[in-house]
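Here is the structure we will look at, set down as structure tokens.
The values are calculated or read from the model by the stated rules, or taken from the named source; none is laboratory data. Keep in mind the model is a prediction, meaning the values are calculated, not measured. Here Cβ is always computed from backbone atoms with ideal geometry, including for glycine, and neighbour counts include all displayed protein chains. Please note that ligands, DNA and RNA were not included when accessible areas were found on the heavy atoms of the full protein model with its side chains. Shrake-Rupley method; radii C 1.70, N 1.55, O 1.52, S 1.80 Å.
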Amino acid sequence: MKAAVITFPGSNCDRDCLRALEEIPGCEADSVWHADQDLAGYDLIVLPGGFSYGDYLRSGAIARFSPVMAALKREADRGVTILGICNGFQVLLEAGLLPGAMRRNQSLKFVCKPCELVVDRADSRFSSRFQEGQTLQVPVAHGEGNYYCDDETLKRLHGEGQVVFRYADNPNGSVADIAGITNETGNVLGMMPHPERATRARLGSVDGAEIFGAIFDFVSAGGKS
Amino acid sequence: MFVARVQVTIKEEVLDPQGKAVEGALHSLGFEEASGVRIGKFLELTLNTDDRAVAEERLSQMCEKLLANPVIEDYEFELVEAGEAR
């Protein structure tokens, strides 16, 4: 598997993502600067967490116009696997690659803690190593992770099986406890929790590694789930 | 040249956690008459054109594309001829 991790000015989880990917035998991971315009040949593209452009205006609002984003959109349309984590999720929302938007956390506080996630769908390329209903330990760290979408969109998300992860104990006020959603075609996932921070026992959980692992399985099997 | 003043607010149907917190603070200060506090953004920019219709059209595009997120935010703007701006 060939993976790319995009670095925007202000990304801060890019190296963690690279490490998480490099620890998978058979996975090669490249760091790609946001000004690059070529993402051809990758099986997985990761938009990491952080504070791209200082979160100015709105989280992800400026990063979504980075030169690399046109290439990302092209790859997404081709069905390439895209994983947006935290700020990466916010960028995907701003770019319109996923539906909805992020608001300030209901508590107005930055939340940084381990979180219990419930696997809503185990048949996605991101969650196939889990069982439906299984709970995972993956930390969150964000101030704007309060997911919002209107009722119609929410109905569609549930109807199409696009809600992959939800919080067992909602830390931010997100509608329907949503922690991670895919697009309609299932190749783009955005999630607020940080799987790259749950890749070793020493970090408190290895559940995040299984998310990268599931993507690896999907790609290794020829990209058909 | 026009000076544009843009106001971006969170849509009415979307909960504004900051507005709610400020409303609570106002009440605890004794301003019980205050309600419906909404927090938004104010942006000011200069547009290098003399055609008001063009300025409005371009500014709408700026709002739709970048200045506001139409999923959760509304925007309003006014255009003032640069010389008249205070």
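With r defined as the distance between the Cβ atoms of A:Lys2 and B:Leu66 and R0 fixed at 41 Å, what FRET efficiency is calculated, to the nearest 0.05?
Values: r = 32 Å, r/R0 = 0.79.
Efficiency, rounded to the nearest 0.05: 0.80.
For the protein assembly as shown, what does the convex hull of the Cα positions come to per residue, in cubic angstrom?
151
Computed over chain A with a Gaussian network model linking Cα atoms closer than 10 Å, the most mobile of A:Ala201, A:Ala141, A:Ala168 is A:Ala201. The label-point distance for A:Tyr56 and A:Glu184, in a model that sets each label 7 Å from Cα toward Cβ, rounds to 3.5 nm. Legend: residues A:Lys73, A:Lys109, sorted from most to least accessible area (1.4 Å probe; ligands, DNA and RNA excluded), read A:Lys109, A:Lys73.
Rounded to two decimals, what ratio of Rg to Rh does region A:1-67 give with C-alpha atoms and a Kirkwood Rh? Working shown, then result.
Details: Rg = 12.2 Å, Rh = 12.3 Å.
With Rg and the Kirkwood Rh in hand, the quotient comes to 1.00.
In nanometres, what is the gap between the two model label sites at A:Gln37 and A:Ala70, each 7 Å from Cα along Cα-to-Cβ? Those two pseudo-labels are separated by 0.5 nm.
From the C-alpha coordinates alone, can you work out the Kirkwood hydrodynamic radius of region B:16-65, in Å? It would help to have the intermediate numbers written out before the result.
On the way: mean 1/r = 0.0725 Å⁻¹.
Hydrodynamic radius (Kirkwood, Cα pairs) of region B:16-65 is 13.8 Å.
Ranking A:Val219, B:Leu47, B:Tyr75 by Cα position along the charge dipole of the protein assembly as shown, where only Lys, Arg, Asp and Glu carry charges on their C-beta atoms, puts A:Val219 farthest toward the positive end. Express in whole angstrom the spacing between the alpha-carbon centres of region A:191-224 and region B:54-86. Spelled out, the Cα-based centre of one part sits 43 Å from the other. Across peptide B:40-50, the mean count of Cβ atoms from other chains lying within 10 Å of each residue's own Cβ comes to 0. Once C-alpha pairs closer than 8 Å and six or more residues apart are averaged by separation and normalised to the residue number of chain A, the relative contact order reads 20 percent.
Taking A:Pro171, A:Pro99, A:Pro67 as the candidate residues, the one with maximal mean-square fluctuation in a Gaussian network model of chain A, Cα springs under 10 Å, is A:Pro67.
Quick check of the Kirkwood formula: for region A:126-189, what is the inverse mean of 1/r over all pairs of different Cα atoms, in Å?
In region A:126-189 this quantity evaluates to 12.6 Å.
Given Cα pairs under 8 Å that are at least 6 residues apart, what percent is the relative contact order of region A:91-225?
On the way: 272 pairs, mean separation 36.5, N = 135.
Here the relative contact order equals 27 percent.
Antiparallel beta bridges, as assigned by DSSP with both residues in chain A, represent about 55 percent of the total such bridges.
Only Cα sites of region A:71-225 enter the Debye sum here, all with the same form factor; the resulting log10 I(q)/I(0) across q = 0.11, 0.15, 0.21 1/Å is -0.38, -0.72, -1.48, listed in q order.
Put a plus charge on the Cβ of each Lys and Arg, a minus charge on the Cβ of each Asp and Glu, and nothing anywhere else: the dipole of the protein assembly as shown about its Cα centre is then about 800 debye. Interface size, chains B and A: roughly 1300 Å² of accessible area buried, both sides included, 1.4 Å probe, rounded to the nearest 100. For A:Lys2, the lysines whose Cα falls under 28 Å of its own Cα, not counting residues fewer than eight places away in the same chain, are A:Lys73, A:Lys224.
In whole percent, how big is the carbon plus sulfur part of the accessible area of the protein assembly as shown, probe 1.4 Å, protein atoms only? Show your work: numbers first, answer last.
Details: 6920 of 14650 Å².
Looking at the protein assembly as shown in its full context, I get 47 percent from C and S.
What the Cα atoms of region A:1-155 give is an Rg and a Dmax of 15.5, 42 Å.
Per residue of chain B, what 222 nm ellipticity follows from adding -39500 (n - 2.57) for every DSSP H run with n ≥ 4, rounded to the nearest 500? Walk me through the numbers on the way to the answer.
Working: 2 runs with 23 residues, N = 86.
Mean residue ellipticity at 222 nm (helix-derived): -8000 deg cm²/dmol.
Rounded to the nearest 10 square angstrom, A:Asp36 shows an accessible area of 70 square angstrom against a 1.4 Å probe. Pairwise over distinct Cα atoms, reciprocal of the mean inverse distance: report the Kirkwood radius of chain B in Å, one decimal place. When all Cα pairs of chain B are included, the Kirkwood radius is 14.5 Å. For region A:82-103, a decrease in accessible area of 50 Å² or greater in the assembled protein chains relative to the isolated chain, with a 1.4 Å probe, applies to A:Arg103. Taking A:Leu117, A:Leu44, A:Leu203 as the candidate residues, the one with maximal mean-square fluctuation in a Gaussian network model of chain A, Cα springs under 10 Å, is A:Leu203.
Buried by at least 10 Å² relative to the chain on its own: which residues of region B:1-28 qualify, computing accessible area with a 1.4 Å probe on protein heavy atoms? Residues meeting the cut-off: B:Glu13, B:Val14, B:Leu15, B:Pro17, B:Gln18, B:Ala21.
Inter-chain neighbour count for B:71-79: the average number of beta-carbon atoms from partner chains within 10 Å of each residue's beta-carbon is 2. For region A:1-40, the normalised intensity computed at q = 0.17, 0.22, 0.35 Å⁻¹ comes to -0.43, -0.68, -1.18 (log10 of I(q)/I(0), Debye sum over alpha carbons, equal scatterers, no solvent). In region A:1-77, the DSSP beta bridges split such that about 10 percent are antiparallel, to the nearest 5.
How big is the equivalent ellipsoid of region B:1-45 along its three axes, where each semi-axis is √(5λ) from the Cα gyration tensor, reported in whole Å from largest to smallest?
On the way: eigenvalues 145, 32, 11 Å².
Each semi-axis is √(5λ); the values are 27, 13, 7 Å.
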